[in-house]
Structure formats: structure tokens, C-alpha cells
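Visitor: Below is one structure. I have some questions about it.
The values are calculated or read from the model by the stated rules, or taken from the named source; none is laboratory data. Bear in mind the structure is a predicted one, so any value in this text is a computation, not a measurement. Neighbour counts are summed over all protein chains in view; Cβ atoms, including those assigned to glycine, are modelled from backbone coordinates with ideal geometry. Remember, those area values only see protein heavy atoms, side chains included, never the ligands or the DNA or RNA. Shrake-Rupley method; radii C 1.70, N 1.55, O 1.52, S 1.80 Å.
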Amino acid sequence: MALRSMASDGLRRRGLRFWLLASATVCFALALFDPALQLERRVGTYMMVFDITQSMNTRDAGPMDARIGRLDYAKQQSIAALDRFPCGTHVGLSIFVERRTQPLLMPVDVCRNRAGLRDAIDHIDWRMAWAADSHLYYGLYSALDDIRRMAPGAALAFFTDGHQAPALHPDRIPVWDGKPGEVAGVLFGLGGGQPEPVPKLGEKGRIEGYWTAQDTAGFASAGAPTLSVLEMEKMGGDIRNAPQRAPGSDNDHLSLRRDDILDDLARRTGLTVAVMRSADQIATRLRALPGGRVTGTRFALRPLLAMAGLALLLASLAPAREAFRRRLCPLTPFSFTFRRS
């Protein structure tokens, strides 16, 4: 009993420095065992599709004082959005040109493959295009079919300006063979609300000119009706070899964000539409989609314990209050004696 009492009195007489050092030692010792918490969270799988047709080179995206191309802005914000997804989230990449999409990377974990995903997005380029047309309806349906075949359960993030070129005839718009809402996703619209000229880029990415009405006049609209010789004779003139243009296609050389086309695509497929604003918005909109899966995530405690141990160790090295006062007193140049009169 006497020994126990002496030990207890000895511990009570220990100063603050001792307890700080003891706590730091405990934190460092626990950190060696690498403890962790297992947290359950809902994560999703997303297929990001980038429209790389020429209208996406139009420089009307981003801050007003630093406009950049629509494709560049979509890539920039998508890369930043990767950091907003929790570990366990899977992201794949694809590009759209002409009538179909081409998967580049099937969905992979964003934490384990963050550097690879960033590099892959950064290297997506308009030079990958294999055709000049932009049949967006067919392209979106192709993206949805890719998900149904190759990544069931994934949601779609389609980055596009909605520019359909050549324009479709109103009564020849293709119909998706799936059920609206079968695949969840968001159509992220890019571009301004005013028509802008579509640039022609050289091999090094420099603007070498702009598309004109004369350039696009020779492109026949997709889904043009087939006319008989008799019907063409009734219309007058020899139009057998002339391109058949859809109404309103005279300005195909100009481009703006086509909210009307994006809304129509969303109505047909059950997707949602959002004007793309930021990386936070991309992550928030995608994480709010239905579906996903619950996965266990390991939350490592070692960094927190190491930081706590370091903070306690540094605190123990600080001078005690009494010692600090003793060091400060000799530095006082004057001393005053107050006497009561």
C-alpha cells in the first residue's frame, strides 16, 4: 500500500511537460499499428462522354475575362471534379463524333487511378475526330447503348453544346429504343447564349479561320426525305443533286448552346439537363442521381495520430510559464518601487 501511495503521489507531482510527452508517445505508438475505421458510403459509377466536334472549339466558355474553348473548359472542370468524388467511385471516359461514341477507358476507381484519369482527360482532343458531322441524337443513343452493354448500372455525364450539324429534319428525328429513365445521367450544356462563329483550327491548335455559310451550304441535312422524280419536278428546278437542307439550317456555321435540343434529348431519354458551371456542380449533380452502390471505405487514423503526437511533442518543448517569467525579468530595463505616502 505504501509503494502504491508513493507511486500515486509521484505521478501527481509530475508536471505538464511529462504528461504531454507521455501522450505524444501513446499517439506515436498507436500510429505504428495503422488503425482505421470502416465507413459505409454510397458511391456511383459514371461514364463521362466528351463531345469533340468542331463547335466545341468555340471560345465562349469560362470566366468573362478569360474565355476558352468549350471542350477545354469541360476537360478542366471534369478533372477538378475527380477530387470531389469519394473513394470507391468509378469513372470511365468516352468521346463523341458524328453518329457514335467511342469508349476510351472503362470505369475505374477515382482514388487508385486519379493520375491516370487526369492524364486521359487532359489528352482528349478535337484531333481524335474521325468525321466532321455532329448528329447528337445518334451520339447520345450510342452512349446510352454503350452503358447498357458494357457498364450496366453506370450513370451518364455527357458534355456537349447541343449543336446539331447538319440540322435534322423535324419529322426525321431518330427515336431511342430504350425506356426513358433506364439509364440515369446528366446532359451538361456548354457555350453561351449568343451565336458565335465556329473556328477552324490548325494542327497546332491555332485559329486559322472560321466556318462560313458558304462552307456549310453543301452539307445535306441528316434524315432528308427521299423525293421522287415527280415530286422534284413539282417543286421546280433540278434538285436531284442539290443538298436537301432542314429549315433553319442556314446558320450552321454559327454555334451557341442549344438548350432546345438538350431539353428534347432529355425528354426522350429520361436524362436531366444542367448548364455546366463548375467542378462542384458536376460532382453534386452526379452524386445526386439515383442508383449507385454501398461500399465500405477504410478511413486511416495513422495521419491523425501522427499529427496529434507531433502537436503534443512540440507543446512539451515550449518553456514553462515560470521559466519564461524568469528569463523575461532580467530584460526589464527599469524597476519601479511604489511607496504609500
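Visitor: Chymotrypsin sites (Phe, Trp or Tyr not before Pro), restricted to region 75-149: which are DSSP loop and have at most 14 other Cβ atoms within 10 Å?
Guide: Within region 75-149, the qualifying chymotrypsin sites (Phe, Trp or Tyr not before Pro) (loop, at most 14 other Cβ atoms within 10 Å) are Trp130.
Visitor: Would you compute, for the Cα atoms of region 141-216, the largest minus smallest coordinate along each principal axis and list the three values in descending order, in whole Å?
Guide: Principal extents (Cα only, largest first): 43, 34, 23 Å.
Visitor: With all protein chains present, calculate the accessible area of Asp260 using a 1.4 Å probe and round the result to the nearest 10 Å².
Guide: 90
Visitor: Something else about it: Could you please put Leu20, Leu104 in sequence from largest to smallest accessible area, using a 1.4 Å probe?
Guide: Ranking Leu20, Leu104 by accessible area, largest first, yields Leu104, Leu20.
Visitor: Arrange the residues Lys179, Lys200, Lys75 by how much accessible surface each exposes, largest first, with a 1.4 angstrom probe.
Guide: Lys179, Lys200, Lys75
Visitor: If you bin every alpha carbon distance in region 25-121 into 5 Å steps from zero, what whole percent lands in each bin?
Guide: P(r) for region 25-121, in whole percents per bin: 3, 11, 17, 17, 14, 12, 9, 5, 4, 4, 3, 1, 0.
Visitor: Which sequence of Thr212, Thr284 reflects their accessible areas, 1.4 Å probe, from the largest down?
Guide: Thr284, Thr212
Visitor: Same structure, new question: Which log10 I(q)/I(0) values does region 68-214 give at q = 0.09, 0.19, 0.21 Å⁻¹ under the Debye formula, counting every alpha carbon as one identical point scatterer?
Guide: Normalising to I(0) and taking log10 leaves -0.32, -1.36, -1.56.
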